[in-house]
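One structure below.
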Amino acid sequence: MICLGGTRTVAMALLAVALTAACGPISEGHHPPGSSHATASGPAGEELPLANIAVRDGRVAPPPGRLEVKVGERVSLSVTSDRADEVHVHGFDVGGKLVPGKPLTVTFVADRTGVFEVETHESGLLLTQLAVR
């Protein structure tokens, strides 16, 4: 006699294992959360979470990861691109226009919690995610 409850339990367990195994890095170069960016000194010596991001030939360097900050913290993002585009930080509605070869620095206060994408609008590239806790 086969117990359907047991079969269902085994099937659910196998599905859970398969889904967990599939949740690896996006790519070999993908940075785990909190490790893709550094800090810099801001006004009066305060440290600002800083992302130095470059876009060249349609590729993002370093590969998109997460910049983790505390709510209320000032954030500075510096983006340089080899073509004209626009940078946008979702959820904060800040950004600016990219001029080829010239760094664009966007500085703002992370005043709400959540995970927010930073992307280019013309090319639709994900630059990083901002995780505010």
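The values are calculated or read from the model by the stated rules, or taken from the named source; none is laboratory data. These numbers were taken from a predicted model, which means no experiment stands behind them. All Cβ positions, even for glycine, are placed from backbone atoms using ideal geometry, and neighbour counts span all protein chains on display.
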Note on segment 49-77: residues of a type in the set (Gly, Ala, Ser), more than 12 Å from Phe108 (Cα to Cα), more than 13 Å from the chain's Cα centre (by Cα) and part of a strand (DSSP E or B) are Ala54
Output for Cβ contacts, cut-off 7 Å, separation at least six or different chains, first residue of a type in the set (Asp, Glu) in segment 66-93, second surrounded by fewer than 18 Cβ atoms within 10 Å (Cβ to Cβ) and assigned to a strand (DSSP E or B), reads Glu68/Ala131; Asp82/Arg56; Glu86/Lys97
Residue hits (segment 114-126; under 16 Å from Asp93 (Cβ atoms) and either among the polar types (S, T, N, Q) or touching a Ser or Thr at 6+ places or on another chain (Cβ under 7 Å) (or both)) are Val118, Thr120
task: Report whether or not Pro63 is out of contact with any strand residue (DSSP E or B) (no Cβ under 8 Å at 6 or more places or on another chain) and at pLDDT 95 or above.
output: yes
Taking segment 78-133 and keeping residues within 11 Å of Val55 (Cβ to Cβ), of a type outside the set (A, V, I, L, M, F, W, C) and assigned to a strand (DSSP E or B) leaves Thr80, Ser81, Asp85, Glu119, Thr120
Of the conditions (1) modelled with pLDDT of 95 or more; (2) over 16 Å from the mean Cα position of the chain (by Cα); (3) surrounded by 13 or more Cβ atoms within 10 Å (Cβ to Cβ), the single one that Gly42 does not satisfy is (1)
